[in-house]
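What follows is one structure encoded as structure tokens, with my remarks underneath.
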Amino acid sequence: DHPVVAVTFWEAEAYCAWRGGALPTEAQWERAACGVEPRPAPPAQDSGVAWWFEEGKYGSLPGVFTHPVTTTSPPNVFGLLDVYGNVWEWTRDSYRADGYAALAEAEPVSTVATPWRTVRGGSYMILPSYAGCSHREPVRAGEPRLTFGIRCVYAP
């Protein structure tokens, strides 16, 4: 019932392909998380939508503190649960400091030579302000962490 954690970008990409899907692009992830109108602030911790381990905000965690994905928290406008907090979610885009707008020039290409990927959504080990729908972080593709997880997208 908990999200899968400690996966590299390559493992996340392979898992989604095995399930018949793909990792989302940053644009897909943001649209699914934000809905039609951007919401810069994450929901309040007690809203049932976002979750983070308050004592973990400075990096001193005694273990893994994901929470089960449940149907008791309200879904977002697209019916997705746990979009914010819990675990960072890999996207298939390479990280660019100027955002993903420049990616319109070409599709992102997954190669071993591209060391930085983008994760979105925040995790149980960050401050709530990092769990918003527009926040993004660069991560090395081969780096598994206990705060990284997977969300796949599927063609309709």
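The values are calculated or read from the model by the stated rules, or taken from the named source; none is laboratory data. Nothing here was measured: the structure is a model prediction, and the numbers come from that model. Neighbour counts are summed over all protein chains in view; Cβ atoms, including those assigned to glycine, are modelled from backbone coordinates with ideal geometry. Note: areas computed on protein heavy atoms with side chains; ligands, DNA, RNA excluded. Shrake-Rupley method; radii C 1.70, N 1.55, O 1.52, S 1.80 Å.
Structure data summary
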item	result
Leu81 being at pLDDT 60 or above, of a type in the set (A, V, I, L, M) and touching a Lys or Arg at 6+ places or on another chain (Cβ under 9 Å)	no
Number of positions in segment 140-154 that are in a strand (DSSP E or B), open to solvent by less than 40 Å² (accessible area, probe 1.4 Å) and out of contact with any Phe, Trp or Tyr (no Cβ under 6 Å at 6 or more places or on another chain)	1
Hits in segment 97-139 (condition: modelled with pLDDT under 80, surrounded by 14 or more Cβ atoms within 10 Å (Cβ to Cβ) and not in a loop (DSSP other than H, G, I, E, B))	Leu103, Pro128, Tyr130, Ala131
Those residues of segment 7-37 which are in a loop (DSSP other than H, G, I, E, B), of a type outside the set (Ser, Thr, Tyr) and within 20 Å of Tyr95 (Cβ to Cβ), in sequence order	Val7, Leu23, Pro24
